[in-house]
Ligand SMILES: Cc1ncc(COP(=O)(O)O)c(C=O)c1O
C-alpha cells in the first residue's frame, strides 16, 4: 500500500521552491499537479509511438487506436458506465458541457421550455445554458443555495415542471466544496420526468463516482483536474440520449458514409469526435485515474480526511473569517475552502501567501452569481489534494494568521 511520501515522490513539482520556500500547492481545484506516470506516458506516445488513431492499417496507428480505446474502457470502468460507447472524449469539461448544451438543446429544447441550473454553478455550467435559452426562446431557472451554501433541494419538486428539459448541477461546487445530495436530486428530477446533468469537474477528484448507481443522464469532467494531461475531457451520456442527439461538428471519423449531397453519421461515441482527437493526451487518463483511486483509498485518504478536519476547524475558529460552504457533518465537505477576511482584500492575502510559498486562488472563481448571492466581490480559495500533508496544512494556517496580521 502506498504512503503519502511514496505518492509525493511521484509528483516532482511538490519539491519545487517559490521565493526560496518549499512550494505548498493549494490550487488543486483549478488544476492538479501531474504525476510522473502521466507525463512519461505522454512523452512516450509523443516521441516514440506517435500516429493518428483509426485511420491507417500500419502498426503504429493500430497501437495508437488501442491506447485511445483502452482509455475509453478505463474511464467507463472508473465511473461505472454500462458501456464504453457512452464515453465521449472532448478537450475538457467546458467542451463537454457545451456539447450537451448544443446537441441536447438542438434535439430536445424549444420555445417556452426550461433549463434549471443551480446558483452555485461554475460559469462553464451556466453560460452554455444561457446561450441555448437565448437561441431557443427557452427560460433559464435558478435552483438557489442557502446561507450555508447548501442547495435548496426542498424547492426542487415545485421548481420542476413538465417544461423543464434538463437540470444541471455540479456534484461538488468548485467554491463551496460541499458534496451535493446528487442521488436525491436525480431521484426527484426523474420522478418529474426531467433528466439530470452532473458537472463532475470536482467530484471526479474526490468521490467514487458510479453513474449507473446515481442514474444521472450526463456526467462531465476535465482530465487536468484529476492528474491527466490538459486538453482532455470526458462526457458520459446515457446511450439513449447520445443516440438521439445530433453531432456537434462534422469532419473525419464521425461519419458512416459520405456522398456529395449528404452523409450518414457513425454511432456514438464517434459521432461526437470529429477530427483528430488528443491522441497523446487521452491515454494519460488511464494512469491518472489509477492515481485517483490510489489517492482516495487507505492511508492517503485517511490523512486527507484528517487534513480537511484540521483546516475546517482552524478556519471556523479564525476571528473575522467568513467561510463559505458550511457542512452539516465534516464528511459532507471536501478540502476546498473559500473564504473572506474582514478588512482584508482577498487579492492582497493571496499575494502575501504566495511570498510565503503558498499557491492559492483569489477572485470570483468563475462563479460570479454565487459571489453576488453572498454579497462579496471575490474570495480566497485554498483547495487541497490528497498529496498535501498535515505539515503543509499547519504551515498554511500559521501563514494565513501571519499574513492577516500584516495586512490589518
Ligand atoms: C465545477 C467546475 N465546472 C467546470 C469547470 C471548467 O473546467 P475546465 O476549465 O477544465 O473546462 C471547472 C473548473 O474549474 C469547475 O470547477
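The values are calculated or read from the model by the stated rules, or taken from the named source; none is laboratory data. Note that this is a predicted model, so its numbers are computed, not measured. All Cβ positions, glycine included, derive from the backbone under ideal geometry; neighbour counts span all protein chains shown.
For region 165-175, the candidate set comprises residues that are over 17 Å from residue 296 (Cα atoms) and touching a helix residue (DSSP H, G or I) at 6+ places or on another chain (Cβ under 8 Å); within that set, the residue that is farthest from the ligand (Cβ to nearest atom) is 165.
Restricting attention to region 295-314, the residues that are touching a residue at least 60 places away in the same chain (Cβ under 8 Å) and part of a helix (DSSP H, G or I) add up to 13. Taking (1) modelled with pLDDT under 95; (2) closer than 21 Å to residue 27 by Cβ in turn, residue 319 satisfies each apart from (2). Considering only region 10-30, I want to know if a residue exists there that is assigned to a helix (DSSP H, G or I), over 21 Å from residue 287 (Cβ atoms) and either in contact (Cβ under 8 Å) with a residue 40 or more places away in the chain or out of contact with any helix residue (DSSP H, G or I) (no Cβ under 7 Å at 6 or more places or on another chain) (or both). The answer is no, given that none of the residues of region 10-30 is assigned to a helix (DSSP H, G or I), over 21 Å from residue 287 (Cβ atoms) and either in contact (Cβ under 8 Å) with a residue 40 or more places away in the chain or out of contact with any helix residue (DSSP H, G or I) (no Cβ under 7 Å at 6 or more places or on another chain) (or both).
Given the structure, is residue 248 outside any loop (DSSP other than H, G, I, E, B) and buried (at least 17 other Cβ atoms within 10 Å of the Cβ)? Judged against the criteria, residue 248 is not a match. Among the residues of region 341-382, how many are buried (at least 21 other Cβ atoms within 10 Å of the Cβ) and either more than 20 Å from the chain's Cα centre (by Cα) or assigned to a loop (DSSP other than H, G, I, E, B) (or both)? The total comes to 9. For region 272-293, a residue qualifies if it is in a helix (DSSP H, G or I) and crowded, with 19+ Cβ neighbours inside 10 Å, and the qualifying residues are 272, 282, 283, 284, 285, 286, 287, 288, 289, 291, 292. Taking first residues from region 106-126 that are under 16 Å from residue 95 (Cα atoms) and near the ligand (Cβ under 10 Å from one of its atoms) and partners that are modelled with pLDDT of 95 or more and part of a helix (DSSP H, G or I), the Cβ contacts under 6 Å between residues at least 6 apart in sequence or on separate chains come to 124/94; 124/97; 125/97.
Can you tell me which of 184, 207 is under 27 Å from residue 381 (Cβ atoms), within 14 Å of the ligand (Cβ to nearest atom) and surrounded by fewer than 24 Cβ atoms within 10 Å (Cβ to Cβ)?
207
Of all residues in region 215-235, count the ones that are away from the ligand (no atom under 14 Å from the Cβ) and surrounded by 22 or more Cβ atoms within 10 Å (Cβ to Cβ). Give the derivation first.
Start the filter on region 215-235 by keeping residues that are away from the ligand (no atom under 14 Å from the Cβ), which leaves 215-217.
From the residues that got through so far, the ones that are surrounded by 22 or more Cβ atoms within 10 Å (Cβ to Cβ) too are 216-217.
So the answer is 2.
Answer with yes or no whether residue 201 is touching a helix residue (DSSP H, G or I) at 6+ places or on another chain (Cβ under 7 Å), within 16 Å of the ligand (Cβ to nearest atom) and under 30 Å from residue 156 (Cα atoms). The answer is yes for residue 201.
Taking the stated definitions as given, is residue 403 surrounded by 19 or more Cβ atoms within 10 Å (Cβ to Cβ) and within 18 Å of the chain's Cα centre (by Cα)? Break it down into steps so the answer makes sense when it comes.
On the way: surrounded by 19 or more Cβ atoms within 10 Å (Cβ to Cβ): yes; within 18 Å of the chain's Cα centre (by Cα): no.
For residue 403, the condition - surrounded by 19 or more Cβ atoms within 10 Å (Cβ to Cβ) and within 18 Å of the chain's Cα centre (by Cα) - is not met.
Evaluate region 52-75: report whether one residue or more is touching a residue at least 40 places away in the same chain (Cβ under 8 Å), in the same structural domain as residue 197 (by TED's automatic domain parsing), touching a strand residue (DSSP E or B) at 6+ places or on another chain (Cβ under 6 Å) and within 16 Å of the ligand (Cβ to nearest atom).
Here is the first cut: in region 52-75, the residues touching a residue at least 40 places away in the same chain (Cβ under 8 Å) are 52-55, 64, 67-68, 70-72, 74-75.
With in the same structural domain as residue 197 (by TED's automatic domain parsing) added as a condition, the list becomes 52-55, 64, 67-68, 70-72, 74-75.
Checking which are touching a strand residue (DSSP E or B) at 6+ places or on another chain (Cβ under 6 Å) leaves us with 72, 75.
Narrowing the set further to residues that are within 16 Å of the ligand (Cβ to nearest atom) leaves 75.
The answer is yes; a qualifying residue exists.
Here is a check on your reading of the model: is residue 261 in a loop (DSSP other than H, G, I, E, B) and without any contact (Cβ under 8 Å) to a residue 24 or more places away in the chain? Yes: the conditions hold for residue 261.
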